[in-house]
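For reference, the structure discussed in these notes is given below.
The values are calculated or read from the model by the stated rules, or taken from the named source; none is laboratory data. Since we're looking at a predicted model, the values are computed, not measured. Because the Cβ atoms are built from the backbone with ideal geometry, glycine has one as well, and the counts that use them run over all protein chains shown. Calculation scope for accessible area: heavy atoms of the full protein, side chains included, ligands and nucleic acids excluded. Shrake-Rupley method; radii C 1.70, N 1.55, O 1.52, S 1.80 Å.
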Amino acid sequence: MGSEPVNVSEFQELARQALPKMYYDYYAGGAEDQHTLEENVKAFHRIIIRPRILVDVSRVDMSTTIMGYNTSAPIMVAPTAMHKLARPEGEVATARAAAACDTIMALSFMSTCTVEEVASSCNAVRFFQLYVYKRREISALMVQRAERNGFKAIILTVDAPRLGRREADIKNKMIAPQLKNFEGLISTEVHTDKGSNIEAFASGTFDDSLCWKDIGWLKSITSLPILIKGILTCEDAIKAVEVGVAGIVVSNHGARQLDYSPPTITVLEEVILAVQGRIPVLFDGGVRRGTDIFKALALGAQAVMIGRPVIYGLAAKGEDGVRQVLSMLKDELELTMALSGCCSVKDITRCYVMTEQDRLHCRL
(Lines give C-alpha, C1' and ligand atoms only; values in the text may rest on other atoms or scores of the structure.)
Protein backbone atom coordinates (compact mmCIF):
# COMPACT_ATOMS: atom_id res chain seq x y z
CA MET A 1 0.00 0.00 0.00
CA GLY A 2 1.73 3.13 -1.21
CA SER A 3 -0.87 5.66 -0.13
CA GLU A 4 -1.82 6.84 3.34
CA PRO A 5 -4.63 4.86 5.01
CA VAL A 6 -8.04 6.50 4.79
CA ASN A 7 -9.80 4.25 7.32
CA VAL A 8 -8.70 2.20 10.33
CA SER A 9 -9.03 -1.15 8.57
CA GLU A 10 -6.23 -0.18 6.19
CA PHE A 11 -3.84 -0.02 9.15
CA GLN A 12 -4.16 -3.80 9.49
CA GLU A 13 -2.26 -4.45 6.26
CA LEU A 14 0.40 -1.90 7.25
CA ALA A 15 0.77 -3.74 10.56
CA ARG A 16 1.05 -7.09 8.79
CA GLN A 17 3.88 -5.71 6.69
CA ALA A 18 5.65 -4.18 9.70
CA LEU A 19 5.48 -7.07 12.16
CA PRO A 20 7.11 -10.50 12.36
CA LYS A 21 4.54 -13.14 11.45
CA MET A 22 4.45 -14.53 14.99
CA TYR A 23 3.48 -11.16 16.47
CA TYR A 24 1.03 -10.20 13.74
CA ASP A 25 -0.75 -13.54 14.11
CA TYR A 26 -0.85 -13.08 17.87
CA TYR A 27 -2.61 -9.73 17.58
CA ALA A 28 -4.88 -10.60 14.64
CA GLY A 29 -5.90 -14.14 15.52
CA GLY A 30 -8.97 -15.51 17.24
CA ALA A 31 -9.96 -18.80 18.80
CA GLU A 32 -10.22 -22.07 16.86
CA ASP A 33 -12.20 -21.64 13.59
CA GLN A 34 -12.29 -17.85 14.13
CA HIS A 35 -16.03 -17.82 13.46
CA THR A 36 -16.72 -15.31 16.22
CA LEU A 37 -13.74 -13.21 15.13
CA GLU A 38 -15.30 -12.78 11.70
CA GLU A 39 -18.83 -12.31 13.03
CA ASN A 40 -17.77 -9.61 15.50
CA VAL A 41 -17.25 -7.34 12.49
CA LYS A 42 -19.91 -8.72 10.13
CA ALA A 43 -22.72 -8.47 12.69
CA PHE A 44 -22.45 -4.68 12.52
CA HIS A 45 -23.16 -4.85 8.79
CA ARG A 46 -26.59 -6.30 9.48
CA ILE A 47 -27.71 -3.30 11.54
CA ILE A 48 -29.28 -0.48 9.53
CA ILE A 49 -29.15 3.20 10.49
CA ARG A 50 -32.45 5.14 10.27
CA PRO A 51 -31.39 8.77 9.68
CA ARG A 52 -33.53 11.85 10.31
CA ILE A 53 -33.46 14.76 7.86
CA LEU A 54 -33.79 18.52 8.08
CA VAL A 55 -32.08 18.72 11.45
CA ASP A 56 -29.71 21.60 12.14
CA VAL A 57 -26.37 19.78 12.43
CA SER A 58 -24.14 22.81 11.99
CA ARG A 59 -22.73 21.98 15.44
CA VAL A 60 -22.17 18.36 16.43
CA ASP A 61 -20.89 17.66 19.94
CA MET A 62 -19.40 14.20 20.55
CA SER A 63 -18.26 14.90 24.11
CA THR A 64 -19.62 12.66 26.82
CA THR A 65 -18.83 11.16 30.19
CA ILE A 66 -17.49 7.63 30.75
CA MET A 67 -17.86 6.37 34.31
CA GLY A 68 -18.26 10.01 35.32
CA TYR A 69 -15.15 11.30 33.53
CA ASN A 70 -15.42 13.86 30.75
CA THR A 71 -14.01 12.77 27.41
CA SER A 72 -13.99 14.09 23.85
CA ALA A 73 -16.00 11.17 22.42
CA PRO A 74 -17.58 7.88 23.56
CA ILE A 75 -14.42 5.99 22.58
CA MET A 76 -11.88 4.23 24.80
CA VAL A 77 -8.66 2.33 24.18
CA ALA A 78 -9.35 -1.29 25.11
CA PRO A 79 -6.91 -3.24 27.27
CA THR A 80 -4.65 -5.20 24.91
CA ALA A 81 -1.50 -7.04 25.90
CA MET A 82 2.18 -6.52 25.14
CA HIS A 83 2.36 -3.37 23.04
CA LYS A 84 6.14 -3.55 22.84
CA LEU A 85 5.75 -6.44 20.42
CA ALA A 86 4.19 -3.87 18.09
CA ARG A 87 6.54 -0.95 18.82
CA PRO A 88 9.50 -0.46 21.17
CA GLU A 89 7.77 2.44 22.98
CA GLY A 90 4.90 0.11 23.81
CA GLU A 91 2.05 1.22 26.05
CA VAL A 92 3.72 4.57 26.74
CA ALA A 93 3.20 5.55 23.09
CA THR A 94 -0.40 4.34 23.21
CA ALA A 95 -1.04 6.27 26.42
CA ARG A 96 0.33 9.49 24.96
CA ALA A 97 -1.78 9.13 21.82
CA ALA A 98 -4.90 8.46 23.87
CA ALA A 99 -4.20 11.50 26.02
CA ALA A 100 -3.65 13.67 22.94
CA CYS A 101 -7.08 12.58 21.66
CA ASP A 102 -8.68 13.16 25.09
CA THR A 103 -9.57 9.47 25.20
CA ILE A 104 -9.52 7.13 28.20
CA MET A 105 -7.07 4.24 27.96
CA ALA A 106 -7.47 0.94 29.79
CA LEU A 107 -4.01 -0.49 30.52
CA SER A 108 -3.68 -4.26 30.21
CA PHE A 109 -2.59 -6.37 33.18
CA MET A 110 -0.23 -7.99 30.63
CA SER A 111 1.38 -4.73 29.52
CA THR A 112 5.04 -4.59 28.56
CA CYS A 113 5.53 -1.15 30.13
CA THR A 114 5.09 -0.86 33.86
CA VAL A 115 2.14 0.76 35.57
CA GLU A 116 4.48 3.48 36.77
CA GLU A 117 5.95 4.17 33.31
CA VAL A 118 2.50 4.61 31.80
CA ALA A 119 1.26 6.73 34.70
CA SER A 120 4.20 9.12 34.42
CA SER A 121 4.14 9.34 30.62
CA CYS A 122 1.35 11.93 30.41
CA ASN A 123 -1.54 13.40 32.34
CA ALA A 124 -4.79 11.58 31.54
CA VAL A 125 -7.64 9.51 32.92
CA ARG A 126 -6.75 5.81 32.77
CA PHE A 127 -8.36 2.55 33.90
CA PHE A 128 -6.53 -0.66 34.80
CA GLN A 129 -7.50 -4.12 33.54
CA LEU A 130 -7.06 -7.03 35.93
CA TYR A 131 -6.66 -10.78 35.71
CA VAL A 132 -6.82 -12.77 38.92
CA TYR A 133 -3.89 -15.13 39.36
CA LYS A 134 -3.79 -18.24 41.50
CA ARG A 135 -1.30 -16.31 43.58
CA ARG A 136 -3.79 -13.62 44.44
CA GLU A 137 -1.24 -11.52 46.24
CA ILE A 138 0.23 -10.66 42.82
CA SER A 139 -3.13 -9.45 41.51
CA ALA A 140 -3.72 -7.53 44.75
CA LEU A 141 -0.32 -5.87 44.46
CA MET A 142 -1.06 -4.80 40.88
CA VAL A 143 -4.39 -3.29 41.94
CA GLN A 144 -2.65 -1.35 44.70
CA ARG A 145 0.02 -0.10 42.30
CA ALA A 146 -2.64 1.06 39.84
CA GLU A 147 -4.54 2.87 42.57
CA ARG A 148 -1.38 4.46 43.94
CA ASN A 149 -0.46 5.70 40.44
CA GLY A 150 -3.75 7.45 39.79
CA PHE A 151 -5.74 4.92 37.76
CA LYS A 152 -9.45 5.61 38.15
CA ALA A 153 -11.14 2.19 37.80
CA ILE A 154 -10.45 -1.54 37.73
CA ILE A 155 -11.72 -3.59 34.78
CA LEU A 156 -11.87 -7.21 35.91
CA THR A 157 -11.70 -9.58 32.94
CA VAL A 158 -13.83 -12.62 33.79
CA ASP A 159 -14.00 -14.63 30.54
CA ALA A 160 -10.57 -16.26 30.80
CA PRO A 161 -10.52 -18.96 33.48
CA ARG A 162 -8.32 -20.69 30.90
CA LEU A 163 -6.85 -19.32 27.70
CA GLY A 164 -8.81 -19.93 24.50
CA ARG A 165 -7.29 -22.20 21.85
CA ARG A 166 -5.47 -19.81 19.52
CA GLU A 167 -4.13 -22.08 16.83
CA ALA A 168 -1.91 -19.55 15.09
CA ASP A 169 0.00 -19.07 18.35
CA ILE A 170 0.33 -22.83 18.73
CA LYS A 171 1.71 -23.22 15.20
CA ASN A 172 4.08 -20.28 15.62
CA LYS A 173 5.20 -21.45 19.09
CA MET A 174 4.44 -17.95 20.32
CA ILE A 175 6.89 -16.70 22.92
CA ALA A 176 5.89 -14.00 25.41
CA PRO A 177 8.47 -11.54 26.75
CA GLN A 178 9.16 -11.20 30.45
CA LEU A 179 6.73 -8.56 31.72
CA LYS A 180 8.39 -5.77 33.73
CA ASN A 181 5.38 -5.40 36.02
CA PHE A 182 6.07 -8.86 37.42
CA GLU A 183 9.84 -8.66 37.85
CA GLY A 184 10.70 -10.30 41.15
CA LEU A 185 7.18 -11.69 41.46
CA ILE A 186 6.66 -14.29 38.75
CA SER A 187 8.34 -15.33 35.51
CA THR A 188 6.54 -15.45 32.18
CA GLU A 189 9.31 -17.69 30.81
CA VAL A 190 7.67 -21.05 30.34
CA HIS A 191 9.33 -23.96 28.53
CA THR A 192 6.88 -26.13 26.63
CA ASP A 193 7.04 -28.38 23.60
CA LYS A 194 3.29 -28.17 23.01
CA GLY A 195 3.11 -24.86 21.17
CA SER A 196 2.32 -21.43 22.60
CA ASN A 197 4.15 -20.59 25.80
CA ILE A 198 1.54 -17.88 26.45
CA GLU A 199 -1.05 -20.63 26.76
CA ALA A 200 1.26 -22.61 29.03
CA PHE A 201 1.88 -19.53 31.19
CA ALA A 202 -1.84 -18.78 31.47
CA SER A 203 -2.72 -22.35 32.43
CA GLY A 204 -0.22 -22.19 35.26
CA THR A 205 -1.16 -18.76 36.58
CA PHE A 206 -4.80 -17.84 35.85
CA ASP A 207 -7.16 -18.62 38.73
CA ASP A 208 -9.86 -20.85 37.22
CA SER A 209 -11.65 -20.99 40.58
CA LEU A 210 -12.65 -17.32 40.31
CA CYS A 211 -16.40 -16.92 40.89
CA TRP A 212 -19.05 -14.37 41.85
CA LYS A 213 -18.23 -14.37 45.56
CA ASP A 214 -14.71 -13.20 44.74
CA ILE A 215 -16.02 -9.80 43.69
CA GLY A 216 -16.30 -9.19 47.42
CA TRP A 217 -12.58 -9.99 47.82
CA LEU A 218 -11.67 -7.52 45.08
CA LYS A 219 -13.85 -4.82 46.63
CA SER A 220 -12.08 -5.39 49.94
CA ILE A 221 -8.64 -4.52 48.53
CA THR A 222 -9.47 -1.36 46.57
CA SER A 223 -11.59 1.75 46.79
CA LEU A 224 -11.67 2.06 42.98
CA PRO A 225 -14.88 1.30 41.08
CA ILE A 226 -14.90 -2.20 39.57
CA LEU A 227 -16.21 -3.05 36.11
CA ILE A 228 -16.68 -6.63 34.90
CA LYS A 229 -15.49 -7.30 31.35
CA GLY A 230 -16.71 -10.38 29.50
CA ILE A 231 -20.47 -10.43 30.02
CA LEU A 232 -22.59 -11.75 27.13
CA THR A 233 -25.93 -12.71 28.71
CA CYS A 234 -28.78 -11.06 30.57
CA GLU A 235 -28.38 -13.60 33.38
CA ASP A 236 -24.80 -12.57 34.09
CA ALA A 237 -25.66 -8.89 33.69
CA ILE A 238 -28.27 -9.23 36.44
CA LYS A 239 -25.76 -11.01 38.69
CA ALA A 240 -23.23 -8.24 38.09
CA VAL A 241 -25.74 -5.66 39.27
CA GLU A 242 -26.59 -7.81 42.31
CA VAL A 243 -22.96 -8.09 43.46
CA GLY A 244 -22.59 -4.32 43.21
CA VAL A 245 -20.09 -3.71 40.43
CA ALA A 246 -19.85 -0.19 39.06
CA GLY A 247 -20.18 -1.14 35.39
CA ILE A 248 -20.18 -3.84 32.72
CA VAL A 249 -18.17 -4.33 29.56
CA VAL A 250 -20.00 -6.44 26.99
CA SER A 251 -17.15 -8.39 25.43
CA ASN A 252 -16.15 -11.77 24.03
CA HIS A 253 -12.45 -11.01 24.49
CA GLY A 254 -11.99 -10.01 20.87
CA ALA A 255 -13.18 -13.50 19.87
CA ARG A 256 -9.98 -14.94 21.39
CA GLN A 257 -11.60 -17.15 24.04
CA LEU A 258 -14.71 -19.20 23.16
CA ASP A 259 -15.33 -19.59 19.44
CA TYR A 260 -19.03 -19.59 18.49
CA SER A 261 -19.85 -17.31 21.37
CA PRO A 262 -22.11 -14.53 20.09
CA PRO A 263 -20.77 -11.47 18.33
CA THR A 264 -20.93 -8.78 20.98
CA ILE A 265 -23.17 -6.32 19.13
CA THR A 266 -25.90 -9.00 18.91
CA VAL A 267 -26.16 -9.30 22.71
CA LEU A 268 -25.60 -5.68 23.72
CA GLU A 269 -29.28 -4.83 23.85
CA GLU A 270 -30.05 -7.95 25.91
CA VAL A 271 -27.58 -6.76 28.54
CA ILE A 272 -28.87 -3.18 28.41
CA LEU A 273 -32.45 -4.34 29.04
CA ALA A 274 -31.33 -6.53 31.94
CA VAL A 275 -29.35 -3.73 33.60
CA GLN A 276 -32.22 -1.21 33.24
CA GLY A 277 -29.93 1.78 33.61
CA ARG A 278 -28.67 0.85 37.08
CA ILE A 279 -25.01 0.77 36.01
CA PRO A 280 -23.15 1.91 32.87
CA VAL A 281 -22.56 -0.57 30.07
CA LEU A 282 -19.49 -0.28 27.84
CA PHE A 283 -19.00 -2.20 24.62
CA ASP A 284 -16.04 -4.07 23.13
CA GLY A 285 -15.62 -6.07 19.93
CA GLY A 286 -15.50 -5.57 16.17
CA VAL A 287 -15.65 -1.77 15.99
CA ARG A 288 -14.00 -0.63 12.76
CA ARG A 289 -16.08 2.40 11.71
CA GLY A 290 -17.77 5.46 13.14
CA THR A 291 -21.03 3.91 12.01
CA ASP A 292 -20.26 0.93 14.28
CA ILE A 293 -19.83 3.28 17.24
CA PHE A 294 -23.12 4.99 16.39
CA LYS A 295 -24.92 1.63 16.29
CA ALA A 296 -23.51 0.54 19.64
CA LEU A 297 -24.54 3.84 21.24
CA ALA A 298 -28.02 3.56 19.75
CA LEU A 299 -28.37 0.11 21.31
CA GLY A 300 -27.49 1.51 24.72
CA ALA A 301 -23.72 1.47 25.23
CA GLN A 302 -22.21 4.42 27.09
CA ALA A 303 -19.00 4.08 25.06
CA VAL A 304 -17.05 1.64 22.92
CA MET A 305 -13.57 0.19 23.36
CA ILE A 306 -11.11 -0.06 20.48
CA GLY A 307 -8.61 -2.92 20.55
CA ARG A 308 -6.97 -4.31 17.42
CA PRO A 309 -7.13 -1.08 15.34
CA VAL A 310 -5.10 0.69 18.05
CA ILE A 311 -2.48 -2.07 17.95
CA TYR A 312 -2.37 -1.92 14.15
CA GLY A 313 -1.89 1.84 14.28
CA LEU A 314 0.88 1.43 16.83
CA ALA A 315 2.65 -1.22 14.74
CA ALA A 316 2.38 0.79 11.55
CA LYS A 317 3.25 4.29 12.75
CA GLY A 318 3.86 4.30 16.48
CA GLU A 319 2.24 6.96 18.64
CA ASP A 320 1.17 8.92 15.58
CA GLY A 321 -0.53 5.82 14.16
CA VAL A 322 -2.61 5.38 17.32
CA ARG A 323 -3.54 9.04 17.18
CA GLN A 324 -4.58 8.66 13.54
CA VAL A 325 -6.74 5.62 14.31
CA LEU A 326 -8.56 7.38 17.15
CA SER A 327 -8.95 10.58 15.13
CA MET A 328 -10.36 8.69 12.14
CA LEU A 329 -12.97 7.00 14.30
CA LYS A 330 -13.91 10.29 15.93
CA ASP A 331 -14.22 12.01 12.55
CA GLU A 332 -16.35 9.17 11.17
CA LEU A 333 -18.61 9.22 14.23
CA GLU A 334 -19.10 12.97 13.91
CA LEU A 335 -20.03 12.59 10.24
CA THR A 336 -22.40 9.72 11.00
CA MET A 337 -24.10 11.81 13.68
CA ALA A 338 -24.49 14.74 11.28
CA LEU A 339 -25.86 12.60 8.46
CA SER A 340 -28.25 10.87 10.88
CA GLY A 341 -29.56 14.08 12.40
CA CYS A 342 -27.96 13.76 15.85
CA CYS A 343 -26.28 16.84 17.32
CA SER A 344 -25.09 15.23 20.55
CA VAL A 345 -24.37 11.79 21.95
CA LYS A 346 -27.55 11.86 24.03
CA ASP A 347 -29.55 12.27 20.81
CA ILE A 348 -28.42 8.81 19.59
CA THR A 349 -31.31 6.62 20.71
CA ARG A 350 -32.77 3.23 19.85
CA CYS A 351 -35.04 4.64 17.16
CA TYR A 352 -32.01 5.39 14.97
CA VAL A 353 -31.20 1.74 14.20
CA MET A 354 -32.96 -1.36 12.89
CA THR A 355 -31.56 -4.75 13.83
CA GLU A 356 -32.14 -8.17 12.28
CA GLN A 357 -34.57 -8.89 15.10
CA ASP A 358 -36.52 -5.74 14.31
CA ARG A 359 -36.84 -6.76 10.67
CA LEU A 360 -38.03 -10.23 11.70
CA HIS A 361 -40.72 -8.73 13.91
CA CYS A 362 -41.83 -6.48 11.03
CA ARG A 363 -42.32 -9.55 8.81
CA LEU A 364 -44.39 -11.23 11.49
Name the shape class, rounded, prolate or oblate, that the alpha-carbon gyration tensor gives for region 131-286, where a ≥ b ≥ c are the square roots of its eigenvalues, rounded holds for a/c under 1.5, and otherwise prolate holds if a/b is larger than b/c and oblate otherwise.
-> oblate
Just how large is the dipole of region 219-364 about the Cα centre, in debye to the nearest 20, putting +1 at every Lys and Arg Cβ and -1 at every Asp and Glu Cβ?
-> 100 debye
Whole-number percent relative contact order across region 8-363, with pairs defined as alpha carbons under 8 Å at least 6 apart | 27 percent
So what is the diffusion coefficient of region 71-164 in µm² per second by Stokes-Einstein at 20 °C and 1.002 mPa s, using a Kirkwood Rh over Cα pairs?
-> 159 µm²/s
The chain: longest segment with zero exposed chymotrypsin sites (Phe, Trp or Tyr not before Pro), where exposed means DSSP loop plus at most 16 other C-beta atoms within 10 Å, is residues 1-211
For the chain, just run the numbers: alpha carbon Rg, then divide by 2.2 N^0.38 Å, N being how many residues it has.
-> 0.95
Out of 75, 49, 90, whose Cα points farthest toward the positive end of the dipole of region 22-117 (charges: +1 Lys, Arg; -1 Asp, Glu; placed on Cβ)?
-> 49
How far apart, in nm, are two points set 7 Å out from the Cα along the Cα-to-Cβ line at residue 338 and at residue 180?
-> 4.1 nm
Amide H proximity to residue 77 below 5 Å, modelled H, separation 5+ or other chain, gives 104, 105, 106, 306
Gained length - residue 359 relative to residue 3, 0.36 nm times residue gap less alpha-carbon distance | 124.2 nm
Given the rule -39500 (n - 2.57) for each run of at least 4 DSSP H residues, summed and divided by the residues of the chain, what is its mean residue ellipticity at 222 nm, to the nearest 500 deg cm²/dmol?
-> -12500 deg cm²/dmol
For the chain, share of DSSP beta bridges that run antiparallel, in % to the nearest 5 | 20 percent
Kindly express, to the nearest 10 degrees and within the range 0 to 90, the angle between helix 264-275's C-alpha long axis and the longest C-alpha principal axis of the chain.
-> 80 degrees
Accessible-area ranking of 363, 136, 52, largest first, probe 1.4 Å | 363, 52, 136
Does region 216-364 come out rounded, prolate or oblate, given a ≥ b ≥ c as the square roots of the eigenvalues of its C-alpha gyration tensor, rounded meaning a/c under 1.5 and, failing that, prolate meaning a/b above b/c?
-> oblate
How much length is gained if the chain between residue 220 and residue 349 is pulled fully straight, taking 0.36 nm per residue apart and subtracting their Cα-Cα distance, in nm to one decimal?
-> 42.7 nm
Say R0 is 56 Å: what FRET efficiency, to the nearest 0.05, do residue 234 and residue 173 get from their beta-carbon distance?
-> 0.90
Cross-link partners of residue 173 among lysines (Cα-Cα below 17 Å; sequence separation of 8 or more within a chain) | 21, 194
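Could you give the length gained by full extension between residue 213 and residue 70, i.e. 0.36 nm per residue of separation minus their alpha carbon distance, to one decimal place? Mind showing how you got there, number by number?
Working: separation 143, 0.36 × 143 = 51.48 nm, distance 3.20 nm.
Between residue 213 and residue 70, full extension yields 48.3 nm more.
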In terms of the alpha carbon gyration tensor, root eigenvalues a ≥ b ≥ c, rounded if a/c is under 1.5 and otherwise prolate when a/b exceeds b/c or oblate, region 1-155 is oblate
Heavy atoms of residue 323: accessible area, 1.4 Å probe, square angstrom to 10 | 70 Å²
Treat every Asp and Glu Cβ in region 41-149 as -1 and every Lys and Arg Cβ as +1, leave all other atoms uncharged, and give the resulting dipole magnitude about the Cα centre to the nearest 20 debye.
-> 500 debye
Dipole magnitude of the chain about its Cα centre (Cβ charges: Lys, Arg +1; Asp, Glu -1), debye to nearest 20 | 260 debye
Straight-line reach check, residue 180, cutoff 13 Å on alpha carbons, 8 or more apart in-chain or any other chain, hits among aspartates and glutamates -> 91, 116, 117, 189
So for region 8-363, taking the charge dipole from beta-carbon charges (+1 Lys/Arg, -1 Asp/Glu), which of 290, 65, 132 sits furthest toward the positive end?
-> 65
